[in-house]
Structures are given as C-alpha cells and as structure tokens.
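Colleague: A single structure is presented below for examination.
The values are calculated or read from the model by the stated rules, or taken from the named source; none is laboratory data. Since we're looking at a predicted model, the values are computed, not measured. Methodologically, a virtual Cβ is constructed for each residue, glycine included, from the backbone with ideal geometry; neighbour enumeration extends over all protein chains shown.
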Amino acid sequence: MIGYSTIGVKDIEAAKKFYCDLLDSEVQVDVGRLAMIGKSTSEPMVAVCNPFNGEAPSCGNGAMIAFPQESKEAVDAMHAKALSLGATDDGAPGQRIEDVFYGAYAKDADGNKLAFYIFG
C-alpha cells in the first residue's frame, strides 16, 4: 500500500488549495515547503512540495498519480472537478480497456499528471 506520493510544485499555497478542493481533503502535515494532503495520516496522501534543491519542479515522463473512484460517473465528476479547479484535460473520460478499465486524465497547474479510474 502506498503511504503518500510527492509532487513538486511552484506555488505551494495554490497547490494545497487545488488538492484539498479536488480530493475533499485537508492538509494533514505542513512544514512550509511541503504539505501532505489527505483524509488522515493513516490513509494514503498526496504531498506537494517546493523541491528541496531549490530548482524548478519537473514532471517525470510517464509519472502519474491515480485516484480510484467508485463508478464511471464518479470518474467523470472528478475529471470535471479537476478542470473546474484549473487543471487541463489530458484525456477525456472513457473506456480504456474493454470492460476492464474506465479512466480520465488531467494535469495540474505544474504539469503533474492525474488519473481518475475504476476497474470493471
């Protein structure tokens, strides 16, 4: 099980607001340049941070954080919510693998790729 995933961001305050709003969660840990966002520290979290080395954040090619959903409608809703919060579309909701995987993709303001999905 994943404890948390960390992504680099330019604007820590904007990133905290985006991910708290998107995930209906709260900042669980905030140490200035890094904030961990989730429902509790005992559940998986997303950490946003200004990179330790002081350089600009960069996205990994092929790196992505995937958020499971309960239904195709929930996938659609999370994708729409991300876009309404300022994310850009990176793949409209749809069936990706025949009757197995339904997903949607977006990128946050820093270019971090997000997936919303359901199996089945």
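Colleague: Assess whether residue 54 counts as being small (Gly, Ala, Ser), on the phi > 0 side of the Ramachandran plot, in a loop (DSSP other than H, G, I, E, B) and in contact with a helix residue (DSSP H, G or I) (Cβ under 9 Å, 6 or more places away or on another chain).
Modeller: When the stated conditions are applied, residue 54 does not pass them.
Colleague: Moving to a separate point now. Can you name every residue in segment 37-82 that is over 16 Å from residue 6 (Cα atoms) and surrounded by 14 or more Cβ atoms within 10 Å (Cβ to Cβ)?
Modeller: Residues satisfying the conditions are 69, 72, 74, 75, 76, 77, 78, 79, 80, 81, 82.
Colleague: Now, a different point. Report, by residue number, each residue of segment 12-25 that is of a type outside the set (Phe, Trp, Tyr) and surrounded by 14 or more Cβ atoms within 10 Å (Cβ to Cβ).
Modeller: Matches in segment 12-25: 12, 14, 15, 16, 17, 20, 21, 22, 23, 25.
Colleague: From the residues in segment 71-108 that are assigned to a loop (DSSP other than H, G, I, E, B) and of a type outside the set (Asp, Glu), which one is modelled with the lowest pLDDT?
Modeller: 100
Colleague: Just for segment 1-31: of the residues that are without any contact (Cβ under 8 Å) to a residue 24 or more places away in the chain and outside any strand (DSSP E or B), which one is farthest from the chain's Cα centre (by Cα)?
Modeller: So, considering only residues that are without any contact (Cβ under 8 Å) to a residue 24 or more places away in the chain and outside any strand (DSSP E or B), the one farthest from the chain's Cα centre (by Cα) is 31.
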